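The values are calculated or read from the model by the stated rules, or taken from the named source; none is laboratory data. Note that the structure is a prediction, hence the values are computed from the model and not measured. Cβ coordinates were reconstructed from backbone atoms using ideal geometry, including for glycine residues, and neighbour counts include every protein chain displayed.
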Amino acid sequence: ETGVTQSPTHLIKTRGQQVTLRCSSQSGHNTVSWYQQALGQGPQFIFQYYREEENGRGNFPPRFSGLQFPNYSSELNVNALELDDSALYLCASSVDREGTQYFGPGTRLTVL
Amino acid sequence: QKEVEQNSGPLSVPEGAIASLNCTYSDRGSQSFFWYRQYSGKSPELIMFIYSNGDKEDGRFTAQLNKASQYVSLLIRDSQPSDSATYLCAVTGSGGGADGLTFGKGTHLIIQP
């Protein structure tokens, strides 16, 4: 059974650019949730996708957007990058909307 | 504003002793409670989950939940140096999965050999 995978591992961008992060859910899971973890903080919920639809969203601006594909993999897109967007971006998959969430290894984004 | 509070530590415990980690939460509608372990530079790894009041044991780990006091704890028995990590408490909101998990800032645990 394959766990949650994310790509890329690390990414460096400059302010104002756009970025796309990718996540493949664990086998048998149809729900993906995205989190942002700043240094020294706990993860913060960005949004959740269930069967290709956004199921819920945290307190993040619209420049954070996402997609989920028919195979339940997902993308997180961030437009107009700001310095404060530098963080570890975590994807978690679950068997359904209410299921226990299992995290991927994360993508470390640095915005210069 | 849903909040989860944890003592940031560091909490230093001798090897072989019991480590006790605590967490309080503000949303009375929270239904599910989780403990994740996070090593430096790595992603969170699920340790325990608990849904009902009382204790739940899994190997060296025991999770305790008291919904009336809005309090969750994690006990680690026979602490090992490999248990040194940041422990994150997470709770679901009253909206369930649509609210995502709300995390505390984590408690940094150090097991002294």
Residue under question is B:SER12, and the condition is that it be away from chain A (no Cβ under 14 Å) and either assigned to a loop (DSSP other than H, G, I, E, B) or of a type in the set (Phe, Trp, Tyr) (or both); does it hold?
no
With respect to the numbered conditions (1) part of a loop (DSSP other than H, G, I, E, B); (2) charged (D, E, K, R); (3) more than 14 Å from chain B (Cβ to nearest Cβ), which one is the sole condition not fulfilled by A:ASP84?
(1)
Members of the range A:88-112 found to be under 26 Å from B:GLY95 (Cα atoms) and among the hydrophobic types (A, V, I, L, M, F, W, C), listed by number
A:LEU88, A:LEU90, A:CYS91, A:ALA92, A:VAL95, A:PHE103
Of the conditions (1) closer than 19 Å to B:GLN1 by Cβ; (2) away from every other protein chain (no Cβ under 14 Å); (3) among the aromatic types (Phe, Trp, Tyr), B:PHE61 fails just one. Which one is it?
(1)
Residue that is farthest from A:GLY16 (Cα to Cα), among those in the range A:93-112 that are within 8 Å of another protein chain (Cβ to nearest Cβ) and small (Gly, Ala, Ser)
A:GLY99
Of (1) surrounded by fewer than 19 Cβ atoms within 10 Å (Cβ to Cβ); (2) among the aromatic types (Phe, Trp, Tyr); (3) closer than 23 Å to B:GLY9 by Cβ, B:TYR36 satisfies every one except (1)
Which residues, taken from the range B:1-28, are in contact with a Gly (Cβ under 8 Å, 6 or more places away or on another chain) and either under 27 Å from B:PRO81 (Cα atoms) or exposed (fewer than 13 other Cβ atoms within 10 Å of the Cβ) (or both)?
B:VAL4, B:GLU5, B:GLN6, B:SER8, B:CYS23
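Residues checked against (1) under 24 Å from A:PHE103 (Cα atoms); (2) part of a strand (DSSP E or B):
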{"position": "B:LEU74", "(1), (2)": "yes, yes"}
{"position": "B:SER79", "(1), (2)": "no, no"}
{"position": "B:SER82", "(1), (2)": "yes, no"}
{"position": "B:THR86", "(1), (2)": "yes, yes"}
{"position": "B:ALA90", "(1), (2)": "yes, yes"}
{"position": "B:GLY100", "(1), (2)": "yes, yes"}
{"position": "B:LEU109", "(1), (2)": "yes, yes"}
B:ALA68 meets each of (1) in a strand (DSSP E or B); (2) surrounded by fewer than 21 Cβ atoms within 10 Å (Cβ to Cβ); (3) modelled with pLDDT of 95 or more; (4) not charged (D, E, K, R) with one exception, condition (1)
The conditions are (1) crowded, with 19+ Cβ neighbours inside 10 Å; (2) closer than 20 Å to A:GLN36 by Cα, and B:ALA63 fails exactly one of them. Which is it?
(2)
Could you list, in sequence order, the residues of the range A:87-112 that are part of a loop (DSSP other than H, G, I, E, B) and small (Gly, Ala, Ser)?
A:GLY99, A:GLY104, A:GLY106
One residue is enough: does the range B:75-92 have a residue meeting the conditions buried (at least 21 other Cβ atoms within 10 Å of the Cβ), at pLDDT below 95 and within 10 Å of chain A (Cβ to nearest Cβ)?
yes
